[in-house]
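Contents: one structure, followed by commentary.
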Amino acid sequence: MKIFVINLERDHLRYANINEQLKSLSLDFELITAIDGKALTPGQLAEDYDENAALLRIARKMTPSEIGCALSHLRAYQNLISSNEERCLILEDDVELPTDLPNMLLQLTPLLDVKEPRVCLLSPATSRSRSRPVGEFMGYKVKPFADGYFTSSYLINKSAAKRLHEYLYPVSDVADCWKRLHDRKVVQIFNTDPAFILQNQLEFGSSTTNDHRALEATQSGFSHKAVYKARRLRSIFLDFCRKIFAKVSR
């Protein structure tokens, strides 16, 4: 199975970490050079980022690192779409890989060998509580997704890559908007229970999280909070209207 690793060119320690792990597992990979959101020009932002749509979808502006992260995953989708492969594993460079990853990839391949657009999260996520597993391998259950985020490790087929690229570009949502994608039935999402792959954020940290905290610190006043809540209510109302319309149009 094709493996894409997303890595910022300047993050040499992260690259060394993931490169050593994959080599020890005898797994080849293709490097996806991540996009630095802070380095995007105004012209690039105007083309690749839709701020008005972001205010509607997530009720706030996206941080530069969020934009860069989302564009980096879209770049991986483009690479899968243009390749001869039908599925791939996408990894961020701060993950800790289990030694039985090659076997798990073999076990999960049939789940993605379908025409339906499918994603299987290997990172932490919550399954639908009463749903039956679609598979059980090596002590892990694969179940329909209910909630969660993280884009550190997931499997995706070409059909899903096409859907996600169409839906998420230009960027107006975070890369790990799995709950919204699930609720709006953009793709079918599954996850391993428990999580199969975890991140080593203790050692490497997260620029996306740090930027988001910095943004929150500058918008902690009453007026900023009031505006955010108003936008959030608008987003919730629009989602409710979409669900009603979907039911009526069936």
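Side notes on the structure shown:
- Hits in region 140-172 - residues which are in contact with a helix residue (DSSP H, G or I) (Cβ under 9 Å, 6 or more places away or on another chain), part of a strand (DSSP E or B) and open to solvent by 30 Å² or more (accessible area, probe 1.4 Å): 140, 147
- Residue match in region 20-27 (condition: more than 19 Å from the chain's Cα centre (by Cα), open to solvent by less than 40 Å² (accessible area, probe 1.4 Å), more than 30 Å from residue 99 (Cα to Cα) and modelled with pLDDT of 95 or more): no
- If you go through region 61-85 and keep only what is outside any helix (DSSP H, G or I) and crowded, with 24+ Cβ neighbours inside 10 Å, you end up with just 62.
- Among the residues of region 126-139, those identified as open to solvent by 30 Å² or more (accessible area, probe 1.4 Å) and at negative phi are 126, 128, 129, 130, 132, 133, 134, 136, 137.
- Evaluation of residue 88 against (1) within 21 Å of residue 191 (Cβ to Cβ); (2) in a helix (DSSP H, G or I); (3) open to solvent by less than 10 Å² (accessible area, probe 1.4 Å) (one fails), failing number: (2)
The values are calculated or read from the model by the stated rules, or taken from the named source; none is laboratory data. Predicted model, so just to flag it, every value in this text is computed and none were measured. Cβ sites come from the backbone with ideal geometry, for glycine too, and all protein chains shown count toward neighbours. Note: accessible area is taken over every heavy atom of the protein model, side chains too, but ligands, DNA and RNA are not part of it. Shrake-Rupley method; radii C 1.70, N 1.55, O 1.52, S 1.80 Å.
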